[in-house]
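Single-structure report; data block below.
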Amino acid sequence: MSAVVSATVSPLLSLRFALRELRGGLRGFYVFIACIALGVTAIAGVGSLAGSLADGLAREGRVILGGDLQFTLIHREIGSDERAFMESRGRVAQTGTMRAMARAEDGNAGLVEIKAVDKAYPLYGEVKLDPVMPLADALAQKDGVFGAAADPALLARLNIAPGAKLIVGNATIEIRASLTTEPDKLAGGIVFGPRLLVSDAALRATGLIQPGSLVRWHYDLRLNDTNASDAVTKQVATQAREQFPQAGWTVRTRSNASPALERNIERFTQFLTIVGLTALLVGGVGVANAVKSHLDRKRDAIATMKAVGATGGRIFVTYLVQVLLLAAIGSVIGLALGAVLPFAVTGFFGAIIPLPIVPSIQPSSLLLAFVYGLLTAVAFALWPLGRARDIPVGALFRDNVAPQPALPRKIYIVATVVAVATLTALAVLLAYDRKVALIYVGCAAGVFLLLRLVAIGLMASARHAPRAKSTELRMAIANIHRRGALTPTIVLSLGLGLALLVTVIEIDSNLHRQFTAALPEKAPAFYFLDIPSNDSERFDAFVQKLAPDAKLEEVPMLRGRIVSANGVAAENLKAKPDAAWVLQSDRGLTYTEDVPQGSRVVAGEWWGKNYDGPPVVSFEQRIADGLGLKIGDAVVVNVLGRNITATISNLRKVDWESLGINFVMVFPPSVFRGAPHTRMATLTYPGGSTPAQEGTVIRAAAEAFPAITTVRVKDALEAIGALVTNLVLGIRAASGVTLLAAALVLGGALAAGHRHRVYDAVILKTLGATRRRLLTAYVIEYALIGGATAVFGMLAGSLAAWLIVTDLMNLDFAWQPMPALLATLGAVVVIVALGLAGTFSALGQKPAPVLRNL
Amino acid sequence: MKDNTSAAISLAGVNLSLGHDAARVHILKDIDLDIKRGETIGLVGPSGSGKSTLLMVMAGLERPDNGSVTVAGNDLATLDEDDLARFRGRNVGIVFQSFHLIPTMNALENVAVPLELAGVADANGRAARELAAVGLGERMQHYPAELSGGEQQRVALARALAPNPSILVADEPTGNLDEATGRQIIELLFAAHRERETTLVLVTHDAALAARCGRVVRLRSGRIETT
């Protein structure tokens, strides 16, 4: 050969070939690109938004926290040595928070979350009032009456306006302004009542601060050095813990201003990322379909390339490069949309979102979404690409060549497995809760496999079905099982989409039923908190007289914080996500001689009556598991500033859904003998309560016992219900992306089959089939495939919802047949309609022009 | 034993069946054939006699069930699929009845493909010269859809000749063309054979065309009837 041959073929040759192939435009790849773009948008958007929120939380950390550091104590205020420690390092603001009942002049009463501040408050940020006035003026005592600023929600609930007076405990408080901005509100977490901002003196004047009453004292510290680094701040926290090991306080720094919120954001982000991944997975099916039909179209070109010297490897690399280019286009579109999301959210909804979102480009989130996009495309494309490698050149000479093997070569099977494993590993390793992520991956793999089996079963049943008398039915059945039938693709995309839809619908309706429908009959109507021990008999008598038919149950209650377990400090304990909340702040605890109602001992022995041995404690089983604790382990709990070391003697299972009083930790009475505490009670009406009964109790109790907080269970559930509704909204939005991807895949699959449809229709028309006949056959075909898949989708979706609701959410599950059936019916209608939409044009084709081009 | 050293193509005891089970058809039966370097061969026979299949075996596109195939000194049985592809790229130029140009590439790029695959440094320059040689110097940037059938076949011929193969095989190269255009293509094929001393194997139904070849190999029912 006389040619000057370079040592190696340029590695860019495949790129050059790939680009030449794409010159004809992106037709045939729109579904591919849209599928990748959708999934990447979801993942990039969620990541960018969460990142922007985390940035906001970090930047506004000291405002959200209220200081560079915050020390929180329950029940007691700091001592002079502790105050001296803080003041030697900066300015200190003291705030006290507690729940209380506020009674309006017309007798209406409502739960409020009191926040009593001193003159130094706020150390960072600004309190905004309406009408505008200095905070000191709003809270000052004038003519013997203390002032207050109230959350507009309180004004609305009690139907009052600024100027109105409220009675809280023993004090009369005048509302002087509504509280429009409370700078450190976020750090407080979820509260059940609206805020009532008063002065420190006003709180003391209410007389609600009694030994054992549930008041939290927060000490915000603004360091003298305003430029102090996070390291310096953390150092102060460490010094505080070291100098006052018995203080029993929770110390937070500005870099960790709202750990609960951050954890929730992280958790929700991971959840939405998983939903985004589902969109990508569904989209992956679209990618595989698009690549397969593209390669089908390119069969001749591939064979020609091989005829003139291209190796199978070269063919593979050329088309892989093409897939990567297309995936990159889809991913870049997705990245652009995802990156814009935080800007769009703050632009459109900034004013109503109570979160400090600082919109910014989040390179790491975008990179991750990009990697997910490319990996998904590669994972789904490797299989058809591997098969393209073996397209026989003989195809150029005659149609009847040996058929391609059903499986690609081993190396491509291995490569597909590696790509899927990488995708899985990435999703699991980056997940907040790896167990949930693993379950998700298992379920996704299971659903893919099952849908494949459904398709195989459906095709096999069609193949072996008895010969139908009706020609249309025979044609439809033949279409279901013939080679190259759309059955596997339709089953996969429709099945995935419908399973997801039914899952979301069932979760949604179960949550709604749980939080908005009528309460279970055994559920109490009220909780009464902070009942002073010495007043409990009088309170019992009062309630029995007020509601003679109702049942009042009372237990002692204290607050305590887990300091350490088995010698490991609480902050260093490795808790599972569903148990970590127990360590986050103080928890209610009780003591009793008998096993509490609504719980049963599942391991260990309950202490007997008159137990007087060393301190022991009973733990709720799931929480103990989550904290890695077992019977015999030692737990240190700080109660009323005293560290108590108790041994776990037994584990209980608790029926939380009864909404009765129950506690994670229960002690024998001897442990708290003589300790000041309050009591907590539930009031249950047999057969439920009426609004009138509830109104009477709230008013009367607030008047007779101003220090006792009354919580209507319905209000508490509504507060949770509102939160759940927001979560469900987020889930719905993210699932919508997945459904859109499923619809795209379905549409793409039907479009890909269009060429075959036209061919079939023309041949059949040539042979005498009327359009009506063809149409009937198509309707039967799509209805059969759609129907079989829909039944599977409904079952799979219901099963998934049942698992999530019972196992992850620990709630009762009741299957809601109507929404699931409607979704299923809708899916069948959609598939028949989509299928026919694509087929109508096939029916209209005149045979001659098509036949000429065959 | 035959002496394969001077033969461009040597087939001995070649059998080939296609299809499975009941549909299996014995297409080539005990084919022995030697084609010398620089020879021109016309493969003729009725439809289904195995002409195209024999051509595919010679080009390394189909593997026989048994027998040996040696082309340009290479025992094709020892080559795996990728080696065969490289072997074709270097030694065999193929012209199809249906042209089989790549629709997304223009004429120049179509001709450059085998050169690029072989790692030739000046692939485009050589492709341009080949196109000029078949009279398409002015149409290099045109895509297949913009060319007539005759022009497409000329591009296909330029593509087959571009790597300077020692063997040129053509499967009914005029089958899709009118008579006048077909004649032009045949002239080009024979000119290439003369100028480059390539071995030329033609499958054809055209008796006149076959008569122009140095030797005619007639097939019937998968066997060589006369050579």
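In chain A, helical runs assigned H by DSSP with n ≥ 4 each contribute -39500 (n - 2.57); averaged across all residues and rounded to the nearest 500, the mean residue ellipticity at 222 nm is -17500 deg cm²/dmol. Computed over the protein assembly as shown, the Cα gyration tensor eigenvalues convert (square root of 5λ each) into semi-axes of 81, 31, 26 Å, ordered from largest to smallest. Here's the picture: charge each Lys and Arg Cβ at +1 and each Asp and Glu Cβ at -1 in the protein assembly as shown, and of B:Ile41, A:Ser470, A:Ile411 the one pushed furthest to the positive end of that dipole is B:Ile41. Amide H contacts of A:Ile644 (H built 1.01 Å from N, in plane; Pro and chain starts excluded): A:Val637, A:Asn638, A:Val639 sit under 5 Å, all sequence-distant by 5 or more or on other chains. Normalised by 2.2 N^0.38 Å, with N the number of residues, the alpha-carbon radius of gyration of segment A:573-726 equals 1.19. Helix A:754-766 and the longest principal axis of the C-alpha atoms of chain A enclose an angle of approximately 50°.
Relative to the Cα centre, the charge distribution of segment A:43-178, modelled as +1 at Lys and Arg Cβ and -1 at Asp and Glu Cβ, gives a dipole magnitude of about 80 debye. Here segment A:724-763 and segment A:268-283 have alpha carbon centers that stand 16 Å from each other.
Rounded to the nearest 20, the size of the Cβ-charge dipole of segment A:140-275 about its Cα centre is 220 debye, with Lys and Arg at +1 and Asp and Glu at -1. Computed 3J(HN,Hα) for segment A:670-679, one whole-Hz value per residue from the Karplus formula 6.51 cos²θ - 1.76 cosθ + 1.60 where θ = phi - 60°, is 4, 5, 10, 4, x, 6, x, 7, 10, 10, glycine and proline marked x.
Residues in segment A:596-611 carry Karplus couplings, in order, of x, 4, x, 9, 9, 6, 10, 8, x, 10, 6, 5, x, 5, 6, 5 Hz; the curve used is 6.51 cos²θ - 1.76 cosθ + 1.60 with θ = phi - 60°, and Gly or Pro positions show x.
Residues whose amide H falls under 5 Å from that of A:Arg652, counting only those 5 or more places apart or on a different chain, are A:Val602, A:Phe619, A:Glu620, A:Gln621, with hydrogens built in the peptide plane.
Rounded, prolate or oblate for segment B:41-121? Axes are the square roots of the Cα gyration tensor eigenvalues, ordered a ≥ b ≥ c, and the cut-off for rounded is a/c under 1.5. Write out the running numbers ahead of the final one.
On the way: a/c = 2.51, a/b = 1.30, b/c = 1.93.
Judged from the Cα gyration tensor, segment B:41-121 comes out oblate (a/c at least 1.5, b/c at or above a/b).
Taking other C-beta atoms within 10 angstrom as a stand-in for reagent exposure, A:Lys119, A:Lys292 fall in the order A:Lys119, A:Lys292, fewest first.
In segment A:564-645, what GluC sites (Glu not before Pro) fall in a loop by DSSP, with at most 12 other Cβ atoms inside 10 Å? Could you put the intermediate results ahead of the total?
On the way: sites: A:Glu571, A:Glu593, A:Glu605, A:Glu620; in loops: A:Glu593, A:Glu605.
Answer by residue number: A:Glu605.
Listed cross-link partners A:Lys298/B:Lys51; A:Lys185/A:Lys576; A:Lys115/A:Lys574 are compared with a 31 Å cut-off, the Cα-Cα value being larger for A:Lys115/A:Lys574.
Taking neighbour Cβ counts within 10 Å as the exposure measure, how do B:His142, A:His294 sort from fewest upward? Before the final figure, lay out the partial values.
Details: B:His142 16, A:His294 21.
Starting with the residue having the fewest Cβ neighbours, the order is B:His142, A:His294.
Under the rule a/c < 1.5 gives rounded, and otherwise a/b versus b/c splits prolate from oblate, where does segment B:148-227 land using the Cα gyration tensor? Working shown, then result.
Values: a/c = 1.92, a/b = 1.32, b/c = 1.46.
Oblate is the answer for segment B:148-227, as a/c is 1.5 or above yet b/c matches or exceeds a/b.
So for chain A, taking the charge dipole from beta-carbon charges (+1 Lys/Arg, -1 Asp/Glu), which of A:Tyr319, A:Ser599, A:Ile333 sits furthest toward the positive end? So the residue we want is A:Tyr319. Backbone phi angles across segment A:70-78, fed through the Karplus curve with coefficients 6.51, -1.76 and 1.60 (θ = phi - 60°), yield HN-Hα couplings of 9, 10, 10, 10, 9, 6, 10, 8, 6 Hz in residue order; Gly and Pro are listed as x. Placing +1 on the Cβ of every Lys and Arg and -1 on the Cβ of every Asp and Glu, with no other charges, gives the protein assembly as shown a dipole of roughly 2820 debye about its Cα centre.
Between the residues A:Val291, A:Thr206, A:Tyr685, the greatest Cα displacement towards the positive end of the dipole of the protein assembly as shown, with unit charges on the Cβ of Lys, Arg, Asp and Glu, is found for A:Val291.
First select every other residue whose beta carbon is under 15 angstrom from the beta carbon of A:Phe71; then total the charges, Lys and Arg +1, Asp and Glu -1. Walk me through the numbers on the way to the answer.
Numbers: positive: A:Arg62, A:Arg76, A:Arg83, A:Arg89, A:Arg91, A:Arg216, A:Arg222, A:Lys234, A:Arg241, A:Arg252, A:Arg254, A:Arg561; negative: A:Asp68, A:Glu77, A:Asp81, A:Glu82, A:Glu87, A:Asp118, A:Asp184, A:Asp220, A:Glu242, A:Glu571, A:Asp586.
Summing Lys and Arg as +1 and Asp and Glu as -1 gives +1.
Amide H contacts of A:Leu629: none lie under 5 Å away among residues 5 or more positions distant or on a separate chain (H built 1.01 Å from N in the peptide plane; Pro and chain starts excluded).
For segment A:265-313, the Kirkwood estimate of the hydrodynamic radius, built from every pair of different alpha carbons, is 13.6 Å.
Taking 2.2 N^0.38 Å as the expected size of a compact globular protein, what ratio does the Cα radius of gyration of segment B:82-185 give against it, to two decimals?
On the way: Rg = 12.8 Å, N = 104, 2.2 N^0.38 = 12.8 Å.
Relative to the 2.2 N^0.38 Å estimate, segment B:82-185 comes out at 0.99.
With only alpha-carbon pairs counted, each pair once and no self-pairs, how large is the Kirkwood hydrodynamic radius of segment A:217-315 in angstroms? Show your work: numbers first, answer last.
On the way: mean 1/r = 0.0502 Å⁻¹.
Kirkwood hydrodynamic radius for segment A:217-315: 19.9 Å.
Net charge near B:Val95, counting Lys/Arg +1 and Asp/Glu -1 over other residues with Cβ under 11 Å of its Cβ? Neighbourhood net charge equals 0. Which shape class applies to segment A:651-722: rounded if a/c is under 1.5, otherwise prolate when a/b exceeds b/c and oblate if not, where a ≥ b ≥ c are the square roots of the Cα gyration tensor eigenvalues? Since a/c reaches 1.5 but b/c is at least a/b, the shape of segment A:651-722 is classed as oblate.
The numbers here are math on the coordinates, done by the rules we state, and not lab data. What you are looking at is a predicted structure, and each value in this text was computed from that prediction instead of being measured. FYI the Cβ positions are ideal-geometry reconstructions off the backbone, even for glycines, and counts take in every protein chain you see.
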